[in-house]
Amino acid sequence: VVGPSLVETLSKTMPPTEACFTIMHEGAPKVVLLPYTENMGCLYDLADVVLCRAGASSVTELLQWRKPAVLVPYPFAKDDHQTLNATVFCEQMRGVILPQTEMTFERLLSEITTLSTGPKVWKQTQNNAAELVCQEILGLG
């Protein structure tokens, strides 16, 4: 889910052969589906809201770029660890957990719209996110 600058930037920087799909729905934010890229930093910089799984790498990137997210935990992950990752993220940052079994067009549209139009304020404002992660890893949290 993107801010208005993303589509313009992508049209200038992506090779013309790359697939790029834009989904528009009346009264809803613009959604852009892109092929795989290794340059996620550029896309995170331009995104307003991110829709993704809740693996450790994805959650870490969301923390680094301070992006609100709709997190869809992989339902077959060992010990359901992605749901735990998503829960911790949503306790600290702006996000919502959307189980794959509950995903519908209407629900996804509602969650994305809420996150993209709501206040751009993080729940967690006093502690550094990296510090929280380190404390948790070391059992100090």
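The values are calculated or read from the model by the stated rules, or taken from the named source; none is laboratory data. From a predicted model like this one, the values you see are computed outputs, not experimental measurements. All Cβ positions, glycine included, derive from the backbone under ideal geometry; neighbour counts span all protein chains shown. Each accessible area value is taken on the protein alone, full model and side chains, heavy atoms only, with ligands, DNA and RNA left out. Shrake-Rupley method; radii C 1.70, N 1.55, O 1.52, S 1.80 Å.
From the set of residues in the range 50-63 that are in contact (Cβ under 8 Å) with a residue 60 or more places away in the chain and under 17 Å from Ile137 (Cβ atoms), which is surrounded by the most Cβ atoms within 10 Å (Cβ to Cβ)? Can you show your working first?
Initial filter on the range 50-63 (in contact (Cβ under 8 Å) with a residue 60 or more places away in the chain): 51, 60, 63.
If we keep only those that are under 17 Å from Ile137 (Cβ atoms) as well, we get 60, 63.
Numbers: Thr60: 15, Leu63: 20.
Among those residues, the one meeting the criterion is Leu63.
Does the range 116-137 contain at least one residue that is modelled with pLDDT of 80 or more and open to solvent by 90 Å² or more (accessible area, probe 1.4 Å)? Give the derivation first.
At the first step, the residues of the range 116-137 found to be modelled with pLDDT of 80 or more are 116.
Checking the rest, the ones that are also open to solvent by 90 Å² or more (accessible area, probe 1.4 Å) come to none.
No, the range 116-137 contains no residue that is modelled with pLDDT of 80 or more and open to solvent by 90 Å² or more (accessible area, probe 1.4 Å).
I'm told Thr113 meets every condition in (1) out of contact with any strand residue (DSSP E or B) (no Cβ under 8 Å at 6 or more places or on another chain); (2) surrounded by 12 or more Cβ atoms within 10 Å (Cβ to Cβ); (3) more than 13 Å from Arg53 (Cα to Cα); (4) without any contact (Cβ under 8 Å) to a residue 60 or more places away in the chain except one. Can you identify the failing condition by its number?
(4)
Can you tell me which residues in the range 75-89 are surrounded by fewer than 19 Cβ atoms within 10 Å (Cβ to Cβ) and either in contact with a Ser or Thr (Cβ under 9 Å, 6 or more places away or on another chain) or of a type in the set (A, V, I, L, M, F, W, C) (or both)?
Hits for the range 75-89 are Pro75, Phe76, Ala77, Leu84, Val88.
Where in the range 20-100 are there helices (runs of 4 or more DSSP H), lying wholly inside it, with at least 1 residues that are of a type in the set (D, E, K, R) and at pLDDT below 90? Talk me through it step by step, then tell me what you get.
On the way: elements: 40-46, 56-65, 81-92.
Of the helices (runs of 4 or more DSSP H) lying wholly inside the range 20-100, those with at least 1 residues that are of a type in the set (D, E, K, R) and at pLDDT below 90 span 40-46, 81-92.
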